[in-house]
Structures are given as C-alpha cells and as structure tokens.
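A.B. asks: Pasting a structure here, questions to come.
The values are calculated or read from the model by the stated rules, or taken from the named source; none is laboratory data. Note that this is a predicted model, so its numbers are computed, not measured. Quick reminder, even Gly has a Cβ in these numbers, built from the backbone with ideal geometry, and neighbours come from all protein chains shown.
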Amino acid sequence: MELLDTLVAKGLRRESPTREEALAVLASSDDDLLEVVAAAGKVRRHWFGRRVKLNYLVNLKSGLCPEDCSYCSQRLGSKADILKYTWLKPDEASQAAAAGVAGGAKRVCLVASGRGPTDRDIDRVSKTIEAIKGQNQDVEVCACLGLLSDGQAERLRAAGADAYNHNLNTSEATYGNITTTHTYADRVETLQQAQAAGLSACSGLIAGMGESDEDLVDVALALRALDTDSVPVNFLIPFEGTPLAKEWNLSPQRCLRILATVRFVCPDVEVRIAGGREVHLRSMQPLALQLANSIFLGDYLTSEGQAGRADLDMIADAGFEVEGAGSTTLPEHRVAAAAPSGCGSSGNGSCAPCGDGASADGDPVPSRARTDLVSVRRRGAGTELAPNA
C-alpha cells in the first residue's frame, strides 16, 4: 500500500500524518491488517527497538468518586461491585509498588479516584512518593490524581514525582457525551500545569465508547499537539453497573488498527497498551507489541489483568525484551527537550482521572465478545491478598 510507505517515511522523520491519512488507517480492511501492523512496527522499532517498558498501577483510593464519567466503575452512581477503600498509608502503597518493581516494572503509577486532590491529599501522596523512592531509588513515579489546583504540580515534582497522568479520553467534540462534571478544557489545563512544573506529561484515550473514527483521530492529533511523552491506549472494559456496560464494540483487529494509528500520529513517544488489552485483544496481544512499546503489568485499578508472569512470558515469546531500569525510554531528541526528570514516558478499571458503540467505520459488533474475561479485582492494594504482579 502506497499509503503505508508514506506513513512509515513520515514516522521516521517524526512527521504527523494528515487527518485523512490517519482515517484511512482506521478504515483499512482486515485483509490489509498485517501490512498495517508491519508498517507501524517499523516506526516503533526505529525509535524504541524491541524494548517493552513495564508499568505497575497502585490504586491509592478506590471508588466513591463524585465525577460522572460514563466509562468508569468508580463513578458517581456506579453499581459496579468493585473494591472501595480510602487512602492507603504510605508504607502500604510502597509495599504494593514493590510487588510491581519486583516483577520488572520500571514505572509505578499512583492513582486516586476523585475530582482532584486537596492540599492534604498532596501531602499524603508526597509521603507515598518519598516512601517508594526510598525503597526503589531508580523507579519512575507517575501520579494520577485528577484535576490539579495551582501549585500542586510543583509540590508533586518536589516530592520526587517524575510524571503526571490525565487522559483526554476522547475528542473535544464528543467529550460532553461521556462526562458532564468537568470539561475537556479542564483536562488540558491540568496537563499543561504538570508540564510547566517539569513533570513528564502522560495522557491517552479510551476506545470503544461509541466514538467515531474521526473522534479517535482527533484525540490522537490533540495528544500530539500537547506533546505528551506517554500515550496510554485504553480499550473500554464495559463494567456492569455503568452506563456503558453494553458497549461491546471492539474486535482484536479494530484494536490493532487503533494502536497503529496512534503510533503513526505519535511516532517517537511511549505508546502504552493499557486497560482492556486482555479483554479485547485476547490472543492478539503479542501482535500489539509490534505497535506499542509499553504495557501495564498484572492487574489494573478495579479489574484483573492476566498474571504478571504471563505478561513476561508473552514479551519473551514475541521476541521482545523488558526495558531495564538503567535505560532511557524516550529517544534522545525527546529526552533533551523533556522535563528535567529525563523521564521516559493509565489504567482502566477504571478511575475518574485516567479511566478506560458500533464504530462509525462500519465494523460489526464482534460476535466473540468475551464478557467472561471481565473480572473485578479482589487482590493487591487495599486487600489482604497478594497482587497479581
């Protein structure tokens, strides 16, 4: 396909595809899928080799969120049977993080449900960051706490945070369809505050909420324009008890096309397969490593992932290697221009700040939707059971 040759050449030059070119990738047929994956894979390997960065989620505070994000199992009015608990103590969070680091995680993502942190919450999280860094000095810490107020990003940076996650989730044009308690502009402002404070910006999207191809391309282009270092791609986990519980619209092929599109739009940034990969990619997960250079290890916020050992085996069997703590994730030109942390870059299960429809391209509703793969997390942080790391 001539289009794919053009996109590879642009990706190697760090140029963005046009909106029409990106839409053409999403609209490509299953017959062309392997060609699409191979082309995007050339871009991925050029900038990131065969390295896979591992990330580990710690849910600091679960459930009871006042926001109404339709995709989220922790939302206001959610009837999902998830774990609910208030803030973990710093030593509890550090112990939870240690399980992920022991499994090979290079980054620990600290997430808390809610609209945004109070100053007291920032104190709590700062102590947690210090505890984690004290135990594992080289680990990257990304905070995901919702909308930030003035000065809070600077305090997180001073405490040792390397990055801040706040997903855009979908296009600006349709954002009001999934959330009414805050705006798309609120999310953009928080990301800009994090960047101004010297934190590496992490922001991504959720696919499978009934969005159109145009929505997916628009949010990908918006993330490129914001110059985020890390782009987590979530695939909606349709939790029972949430407004989107019946939205089973993704096939493995559709997920691969979405990942390829994001890679072409954001060729030299960390593209992370986040929540929902086990549910929607299923046996095609190893092929997705040709497109993304980062995954979450083990469980998510309120949903179970596959066992951490299975993740490691999958990476090795696919011919990739786990990125070591001593290596830098981002290409040199991005590191030089990035935050002072030199950071190399959320989970869906879901949470208000980071989260996780037949699509408009005519993809049929998949006939093999694996509802049995949606398992509520009952272990790890906030429980007496060992984490799935």
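A.B. asks: On the given criteria, is C109 surrounded by 20 or more Cβ atoms within 10 Å (Cβ to Cβ), in contact with a Cys (Cβ under 8 Å, 6 or more places away or on another chain) and under 30 Å from R19 (Cβ atoms)?
C.D. replies: Working: surrounded by 20 or more Cβ atoms within 10 Å (Cβ to Cβ): yes; in contact with a Cys (Cβ under 8 Å, 6 or more places away or on another chain): yes; under 30 Å from R19 (Cβ atoms): no.
No; evaluated as a whole, the condition is false for this residue.
A.B. asks: For the stretch 62-75, does any single residue satisfy the condition of being touching a strand residue (DSSP E or B) at 6+ places or on another chain (Cβ under 6 Å), farther than 23 Å from L281 by Cβ and not aromatic (F, W, Y)?
C.D. replies: Yes.
A.B. asks: Sticking with this one: When you look at V111, is it modelled with pLDDT of 90 or more and either under 25 Å from A159 (Cα atoms) or of a type in the set (G, A, S) (or both), yes or no? Outline the logic, then answer.
C.D. replies: Numbers: modelled with pLDDT of 90 or more: yes; either under 25 Å from A159 (Cα atoms) or of a type in the set (G, A, S) (or both): yes.
Criteria met by V111.
A.B. asks: Okay, moving on. Which numbered condition in (1) more than 15 Å from the chain's Cα centre (by Cα); (2) within 23 Å of T228 (Cβ to Cβ); (3) in a loop (DSSP other than H, G, I, E, B) is the only one that Q306 fails?
C.D. replies: Failed condition: (2).
A.B. asks: Pick from G355, G382: which is on the phi > 0 side of the Ramachandran plot, surrounded by 17 or more Cβ atoms within 10 Å (Cβ to Cβ), at pLDDT 75 or above and assigned to a loop (DSSP other than H, G, I, E, B)?
C.D. replies: G382
A.B. asks: From S327, S303, S294, grab the single residue that is on the phi < 0 side of the Ramachandran plot, surrounded by fewer than 14 Cβ atoms within 10 Å (Cβ to Cβ) and among the small types (G, A, S).
C.D. replies: S327
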